[in-house]
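Single-structure report; data block below.
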Amino acid sequence: MRACYFSRHRGPLQVGEVALPPPPSRGHVIVRVRASSLNPADYKSLDGEQMLLLDFKWPRIPGFDFSGEVTQVFPNDDSHTLVVGDQVFGMIANVPDLHSGTCAEYILVEAHLCARKPNEITHFDAASIPLVAITAVKAFRACGLSENTEGSQPRVLVVGGAGGVGTAAIQIAKVMFRASFVATTGSGTKKDFLLSLGADQFVDYRAQPFENVLGSADQSKLFDAILDCTGEASRCVRLVRNGGALVSIVTAPTIDGLREWVESSRISADRVTRGVRSFLMSGIGGSILELLSGARSLRNQCAARGATYHSIIGCGDGQIVSDIAKLMATGQIRSVIQKVYPLDQTPEAEQELRRGRVTGKLVISIE
């Protein structure tokens, strides 16, 4: 099959022939991928972000998000209801690898991670949303927000609203978490677009420090939930209200966030580098990690305001994607796609994403 792949960390991305995935075992399916999309996590994987933590099968194939159709199931598998021909989309369980990375014609994936794609949306739309939506939903849940709770109308700040997670988070805050007010930051040229997604207030970070614009001595004007998509969590502490929460997807990872990711992503023990799991699960290991990452400092600063600090790493979640699918089918949440690249141009797409300034997502067409 054709795929985009890399044969070593920090090596070049190439497009060519790689081996097909093996037949699915119980609980797994083969999906013919029609579209994928790129996330910053892809070039971080290429750069070797997880190389000291996990073992990999080579060559590695990038891509977390997929949309396509089921082409093979395990015979008489009663662990799921998918059948050959079903149109599905989702996010893989953990980090991309040979046969699981989605910038390929076929992937082997756990059936429970697949959501049925509504007829109302294209494969491009579907492939653009899983990772960013899952990340946003988990971030808001970590902040203590609840979906569709009557009477709950939190004030939300999304720092970096124009990126993949940001564009999804603005919409999800309004639609799923019933936010009464959503503020966001971005460059001045993105203002009208971000307001059209549902933001109530826009701050041009180039014109003035966002924390000065949004800060207040009045607790009612501060935020119940702040999602940091840009690595500026330290600037957000003064904006979180008593009883609120700050969460980052970029900086200062917490031990709780890493442990939750290890467990939720179901990484097999034989893939984890010797000693890593025991280090992460130990009290000493957690303390060292949070001291070095800066999470301890942010926890303490938030605690002094009666608030909490968290970090989130997204992983595959078929239920969240199914919930998002229903909202996309009715037009309540929409995809934000800057450009669609053919599979052969995946290396160029990765370079564009790495340069930054992408609004929403870059999608890879695999026809």
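The values are calculated or read from the model by the stated rules, or taken from the named source; none is laboratory data. Treat the numbers as computed from the prediction; the structure is a model and nothing was measured. Cβ: placed from backbone, ideal geometry, glycine included. Neighbour counts: every protein chain shown. These accessible areas exclude ligands, DNA and RNA; they are computed on the full protein's heavy atoms, side chains included. Shrake-Rupley method; radii C 1.70, N 1.55, O 1.52, S 1.80 Å.
One table, with the values for the structure above:
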item	result
Per residue accessible area of the range 192-249, 1.4 Å probe, in Å²	43
Solvent exposure, largest accessible area first (probe 1.4 Å, DNA, RNA and ligands not counted), of Tyr341, Tyr43	Tyr43, Tyr341
Using alpha-carbon coordinates, inclination of helix 283-293 to the longest axis of the chain, degrees	70
1.4 Å probe accessible area per residue over the range 66-147, in Å²	34
Sites Ser187 and Val83, calculated FRET efficiency, Cβ-Cβ separation with R0 56 Å, nearest 0.05	0.75
Computed magnitude of the charge dipole of the range 133-260 (debye, nearest 20; Cβ of K, R +1, Cβ of D, E -1)	80
Carbon/sulfur fraction of accessible area - the chain, other protein chains in place, 1.4 Å, %	51
The chain: antiparallel DSSP beta bridges as a percent of all, rounded to 5	55
Value of Rg to Rh for the range 264-326 (Rh from inverse mean 1/r over Cα pairs, i.e. Kirkwood)	1.10
The range 313-348 and the range 200-221: distance between their alpha carbon centers, rounded to Å	30
Cα-derived Rg over Rh, computed across the range 3-63 with Rh taken as Kirkwood radius	0.98
Heavy-atom accessible area per residue - the range 271-367, 1.4 Å, Å²	49
Cα-based Rg and Dmax for the range 208-337, where Dmax is the largest Cα-Cα distance (Å)	17.6, 52
Area accessible to solvent at Leu327, 1.4 Å probe radius, in Å²	30
P(r) histogram, all alpha-carbon pairs of the range 51-114 included - 10 Å bins from 0, percent	21, 50, 25, 5
Directionally averaged shadow of the chain, computed from the convex hull of its alpha-carbon atoms, nm²	17.9
